[in-house]
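Peer 1: Sharing a structure below in structure tokens format, with a few things to ask.
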Amino acid sequence: MQISIQKLFQSMSIPAQYDANNIESKWYDYWMKNNYFHSEPDKREPYTIVIPPPNVTGVLHMGHMLNNTLQDVLIRRARLLGKNACWVPGTDHASIATEAKVVAKLKEQGIDKNDLSREEFLKHAWDWTNEYGGVILEQLKKLGCSCDWDRTKFTMDDDMSEGVIKVFVDLFNKGLIYRGYRMVNWDPAAKTTLSDEEVEYIDKQGKLYHISYILKDSDDVVTIATTRPETILGDTAICVNPEDERYSHLKGKQVIVPICNREIPIIEDEYVDIEFGTGCLKITPAHDVNDKGIGEKHNLEVVDIFNDDATLNSFGLHYEGLDRFEARKEIVKELEQLGCLIKVEDYNNRVGISERTKAMIEPRLSDQWFLKMEDLVKPAISSVLETRDIKFFPKKIESTYKHWMTNIRDWNISRQLLWGQQIPAFYYGDGKDDFVVAENIEAALKLAKEKSGNTKLEFRDLKQDNDALDTWFSSWLWPISVFDGVRYPDNPEIKYYYPTNDLVTAPDIIFFWVARMIISGYEYREEKPFNNVYFTGLVRDNQGRKMSKQLGNSPDALKLIKDYGADAVRVGMMLLSSGAGNDLLFDEEKCKQGKSFANKIWNAFRLIYGWEVADIEQPEHAKIALSWYENKFQETLYTIEDHFNKYRLSDALMETYKLVWNDFCSWFLEMIKPAYQQPIDRKTYNAVIAILEDNLKTLHPFMPFLTEEIWQYIQERSSEEALIVSSWPEKKSVNKAIINDFDFASEVISGIRTIRKQKNIAFKDTIDLSVLNSENATKTFDLVIKKLGNISELNYVDSKVEGALTFRVKSNEYFVPMQGTIDVEAEVAKLTEELNYTEGFLKSVQRKLSNERFVNNAPEQVVASERKKEADALAKIETLKASLESLK
């Protein structure tokens, strides 16, 4: 076999440079052609990941790069471990984002969404989705993602939508979904309600306006303070605290609202904070959740002054049609002219904005659909926080999860949008309860006849609810619905692949998605949806800022892949990561480092490829080197697997990186490399190939393209022998002694190299080495030391060698006889200067360490660092003095 390898090597021309762009497309096409990514249920252990479905409108950004690299690392390793690896890709219909894109496109064509029927609009939306949607999935292929593309799902696929409707009907029938008139979060840009989780809160510098209201039939005034003067047009009361003696005389009186001149009562309620503002609170039940509560308690009128786009309606009087913020400016001017504006103060206000559109949220009263959460969350709380059936990485995320789950509110699941699953509620009359919920209109008609007692009802008498369901109401079923487990709960695929193994996701959707998937998993499978959740950090720029188009600080992901290669970018992203849950600061230099690593591996392969192989005896130094590396590989393999088991994926890469760069390239290949223009023995060569193949296997999850390219160059292989479907290296016992022996020997070799460099002794010139073996170190690696140090004679001595250069490794002392070209006088002067400097440095360190205040108060690691400096300086002084003594 190995003879054929050499012949094959000799017949091929290995390019001098690794050409990532050509190689990556070649191997991805090969993997796709051979269907390596596809999975079907069989007798093997399944390993399943479902992709966090990106928005169908999305394009590849740095967060996707990190998240999907991590997923691909896990899935490729599982494949090598012999598991039936299944990574399900797909996209989310992203109702708000997609509808906004479609509306914008229609506007360009002179079409108003409001002029279209639902069916007409949905045709435009599907046309847009089919033309522009799903681009991100093609971009993921450039990154090397080995998803089962045959299983690609879209949350608006017919089967997925059918499952969503089925769940809605089931939850309604269980009494868990209800319709209620509530104060909701209204996004005036998207013209829809949002759930609490879709609202972000920011600090905004605003104004606090002090406005006076004239008492009816009096010249007296009361003054209120508000951050939103435009809403005075919706005021229906002024409220004071009954304990506030300043206003006890106002009980039962009325005031006149400026501008609109509406008469409203002064009421009393303990809710009012006596210390805040003036102690008088304007009550606007239509536009503040707390005011709504007071309004219901005191039976106040509700006056809604806004249209759905946050312009003022007819209650805005002469400001009708004006945007709320423009209206605010104009109303402040009018209040000033009326003499009602007492003063204006700067005020820092915390306001809610839409997570999607960034528009400022309006509290609004509206009929909406809600899902009761109180009982649904209980199994999901237990599985993460009590039984630990689901593990979070990092564990600290559990506290965030606990806070939200134990303070959860009912989920507003309706959206005033057309793009999405239409709520399956059918109205047959004008009464509040004249509706039924059913999976289709046929079932709805039957239910409507039964509920109304009207057997003459027809399809045309039914009107379906106009609202669509929240996008998250479809994606919360994702791990179940991608295997059709909602429609067919006992089908072979859901029983084989569910629960999935690992979920890799960003922490900012823990509430939107992760928690809700756990809830639905227990509700519809009575089982967790996944075993482990790995939370990535957010990718920020090198100044720690969140990446955004506005800041222009988000690199072009595809350009990075083109410039450095996918493998290099994958490695770069993982080198930046400091573990699960931690944000990372993007630095393009890490992609360059990844590319350098790829070139290092490629050049190592070319070095091996260039050796001539002969049937000669295997040298002893090669035997020792092979034994060391095989044990070092096994030791590292155990460490790598421990990192994987603990989801320290970046650490697993770093161990692999160090093994290949340092141990394999820098040490091992130098140890077994044949002399110039000399052949390598066949036994060593065959062992090197086997070692190289094991290295490629451990590298493959991180660098799939490069490793497959080298793997296929090594020998001609069938499609069944491709690296992607080969086997993870087998774990064996480790001889720690030989690893420790080499660690000592490597320090000796480094000492020799340092002397050669300092004294300008060319490597081609042999030198002698004498050892005062106080450490009683093993002589196992003496042949390796001789080879890598180009030592002609290595002798063990009982006393110091006079007139020699010296260095120490632990308590062993090594002597290199002076060469004739060295100027002894100059060398003495140089060493004396270095000794004086080091002694001065030692004194400064010891002064610091003798300071009790420093030792007692400085951080432990700082004190430890100073003690190490002291020890290193003492050792260096001893060596310098020994060198000087030997030169006298």
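Peer 1: Taking the Cα centre of the stretch 555-682 as origin, work out the dipole magnitude from +1 charges on Lys and Arg Cβ and -1 charges on Asp and Glu Cβ, in debye rounded to 20. Don't skip to the answer; put the middle values down first.
Peer 2: Values: 15 positive and 20 negative charges, 70 e Å.
Magnitude of the dipole: close to 340 debye.
Peer 1: If amide H atoms are built 1.01 Å from N in the plane of the peptide, which residues on other chains or at least 5 residues away come under 5 Å of the amide H of G321?
Peer 2: Under 5 Å from the amide H of G321: L312, N313.
Peer 1: If you take every residue apart from G293 with its C-beta less than 13 Å away from the C-beta of G293, what net charge results, scoring Lys and Arg +1 and Asp and Glu -1?
Peer 2: Working: positive: R182, K292, K297; negative: D269, E270, D288, D291, E296.
So the surrounding residues net to -2.
Peer 1: On a 0 to 90 degree scale, rounded to 10, what angle separates helix 736-758 from the longest Cα axis of the chain?
Peer 2: 70 degrees
Peer 1: While we're on this one: Report for the chain the percent antiparallel among DSSP-assigned beta bridges with both residues inside it, nearest 5.
Peer 2: On the way: 64 of 93 bridges.
In the chain, DSSP labels about 70 percent of beta bridges as antiparallel.
Peer 1: Right, something else. Find which of G610, H621, C665 sits farthest along the positive direction of the dipole of the stretch 604-667, computed with +1 on the beta-carbon of Lys and Arg, -1 on that of Asp and Glu, about the Cα centre.
Peer 2: About the Cα centre, the residue reaching furthest to the positive side is C665.
Peer 1: Got the relative contact order for the chain handy, in percent, Cα pairs under 8 Å and 6 or more residues apart? Provide the component values of the computation, followed by the final result.
Peer 2: Details: 1453 pairs, mean separation 112.3, N = 888.
Answer for the chain is 13 percent.
Peer 1: Any idea what the relative contact order of the stretch 606-668 is, in percent, if you count C-alpha pairs under 8 Å spaced at least 6 apart?
Peer 2: On the way: 21 pairs, mean separation 20.0, N = 63.
Across the stretch 606-668, relative contact order equals 32 percent.
Peer 1: Taking a quarter of the surface of the convex hull around the Cα atoms of the stretch 193-268, what do you get in nm²?
Peer 2: Working: hull surface 28.9 nm².
Mean shadow area of the hull around the Cα atoms is 7.2 nm².
Peer 1: Only sites in a loop by DSSP and with at most 13 other Cβ atoms within 10 Å count here; which GluC sites (Glu not before Pro) in the stretch 515-620 make the cut? Don't skip to the end; give the middle numbers.
Peer 2: Numbers: sites: E523, E526, E527, E588, E589, E612, E617, E620; in loops: E526, E527, E612, E617.
Here the sparse-neighbourhood loop sites are E526, E527, E612, E617.
Peer 1: Hey, what do the phi angles of the stretch 125-136 turn into as Karplus ³J(HN,Hα) couplings, whole Hz, using 6.51/-1.76/1.60 and θ = phi - 60°, x for Gly and Pro?
Peer 2: Karplus-based 3J(HN,Hα) across the stretch 125-136 equals 5, 5, 4, 5, 4, 5, 7, 10, x, x, 4, 4 Hz.
Peer 1: Whose amide H sits under 5 Å from the amide H of K207, counting only residues 5 or more places off or on another chain, with H placed in the peptide plane?
Peer 2: Those qualifying (amide H under 5 Å, at least 5 residues apart or on another chain) are Y347.
Peer 1: I would also like to ask the following. Take every Cα pair under 8 Å in the stretch 633-764 that's 6+ residues apart, average their separations, divide by the length, and report that relative contact order as a whole percent. If you can, show how the numbers build up before the last one.
Peer 2: On the way: 61 pairs, mean separation 27.4, N = 132.
The normalised contact order for the stretch 633-764 reaches 21 percent.
Peer 1: Reachable lysines from K253, Cα under 17 Å, same-chain residues fewer than 8 places away excluded?
Peer 2: List returned: K216, K282.
Peer 1: In degrees, nearest 10, range 0 to 90: what is the angle between the Cα axis of helix 860-887 and the longest Cα principal axis of the chain?
Peer 2: Relative to the chain, helix 860-887 is tipped by roughly 20 degrees.
Peer 1: When the accessible area of the stretch 779-862 is computed with all protein chains present and a 1.4 Å probe, what percentage of it is carbon and sulfur?
Peer 2: Details: 2530 of 5180 Å².
Ligands and nucleic acids excluded, carbon and sulfur reach 49 percent.
Peer 1: Under unit Cβ charges (Lys, Arg +1; Asp, Glu -1), what dipole magnitude, rounded to 20 debye, does the stretch 431-497 have relative to its Cα centre? Intermediate values should be presented prior to the final figure.
Peer 2: Values: 9 positive and 13 negative charges, 46 e Å.
Dipole magnitude for the stretch 431-497 comes out near 220 debye.
Peer 1: Within the stretch 350-423, what is the number of lysine pairs with alpha carbons under 22 Å apart, leaving out pairs fewer than eight places apart on the same chain? Could you put the intermediate results ahead of the total?
Peer 2: Numbers: K372/K402; K378/K391; K378/K395; K378/K396; K378/K402; K391/K402.
Lysine pairs meeting both conditions in the stretch 350-423 amount to 6.
Peer 1: Suppose we keep just the DSSP beta bridges with both residues in the stretch 736-888; what percent of those would be antiparallel, to 5? Please report the intermediate quantities before stating the final value.
Peer 2: Numbers: 9 of 15 bridges.
Antiparallel bridges: around 60 percent, rounded to the nearest 5.
Peer 1: Moving on. Take S596, S13 and sort them by solvent-accessible surface of the protein heavy atoms, 1.4 Å probe, largest at the top. If you can, show how the numbers build up before the last one.
Peer 2: Numbers: S596 60, S13 100 Å².
Ranked from most to least accessible, the order is S13, S596.
Peer 1: Given a 1.4 Å probe and the protein chains all in place, what does the accessible area of S727 round to, in Å² to the nearest 10?
Peer 2: Rounded to the nearest 10, the figure is 70 Å².
Peer 1: Residue by residue through the stretch 699-710, what is 3J(HN,Hα) from phi via Karplus (6.51 cos²θ - 1.76 cosθ + 1.60, θ = phi - 60°)? Round to whole Hz and write x for glycine and proline.
Peer 2: 7, 3, x, 8, 10, x, 6, 4, 5, 5, 4, 5
Peer 1: Of the cross-linked pairs K559/K590; K191/K546; K101/K191; K166/K451, which ones have a Cα-Cα span greater than 22 Å in the structure shown? Please report the intermediate quantities before stating the final value.
Peer 2: On the way: K559/K590 15 Å; K191/K546 27 Å; K101/K191 14 Å; K166/K451 20 Å.
Among K559/K590; K191/K546; K101/K191; K166/K451, the Cα-Cα distance tops 22 Å for K191/K546.
Peer 1: What is the diffusion coefficient of the chain in µm²/s, taking the Kirkwood radius over Cα pairs and the Stokes-Einstein relation at 20 °C with a viscosity of 1.002 mPa s?
Peer 2: On the way: Rh = 33.5 Å.
Translational diffusion coefficient: 64 µm²/s.
Peer 1: Shifting gears a bit: Report, in degrees rounded to the nearest 10, the 0 to 90 angle that the Cα long axis of helix 649-658 makes with the longest principal axis of the chain.
Peer 2: Its long axis makes an angle of about 20 degrees.
Peer 1: Anything over 18 Å Cα to Cα? Flag those among K673/K787; K632/K869; K153/K562; K759/K779, in the order listed.
Peer 2: Numbers: K673/K787 10 Å; K632/K869 30 Å; K153/K562 28 Å; K759/K779 27 Å.
The answer is K632/K869; K153/K562; K759/K779.
Peer 1: I want the local charge near L576. Using Cβ-Cβ distances under 9 Å, sum +1 for each Lys or Arg and -1 for each Asp or Glu among the other residues. It would help to have the intermediate numbers written out before the result.
Peer 2: Values: positive: K590; negative: D587.
Local charge sum for L576: 0.
Peer 1: Using a 1.4 angstrom probe on the protein heavy atoms only, line up Y47, Y713 by accessible area, largest first. Mind dumping the intermediate values first?
Peer 2: Values: Y47 15, Y713 35 Å².
Largest to smallest exposure gives the sequence Y713, Y47.
Peer 1: Determine ³J(HN,Hα), in whole Hz, for all residues of the stretch 836-843 in sequence, where each value follows from phi through the Karplus function 6.51 cos²θ - 1.76 cosθ + 1.60 and θ = phi - 60°; x replaces Gly and Pro.
Peer 2: 4, 4, 5, 5, x, 4, 4, 4
Peer 1: Hey, what's the Kirkwood Rh for the stretch 310-439 if you take every pair of different alpha carbons, in angstrom?
Peer 2: On the way: mean 1/r = 0.0492 Å⁻¹.
For the stretch 310-439, the Kirkwood estimate is 20.3 Å.
The values are calculated or read from the model by the stated rules, or taken from the named source; none is laboratory data. Bear in mind that the values here come from a model prediction, so they are computed numbers and not experimental data. Note that each Cβ is placed from the backbone with ideal geometry, even for glycine, and that neighbours are counted across all protein chains shown. Heavy atoms of the whole protein, side chains included, go into the accessibility calculation; ligands, DNA and RNA do not. Shrake-Rupley method; radii C 1.70, N 1.55, O 1.52, S 1.80 Å.
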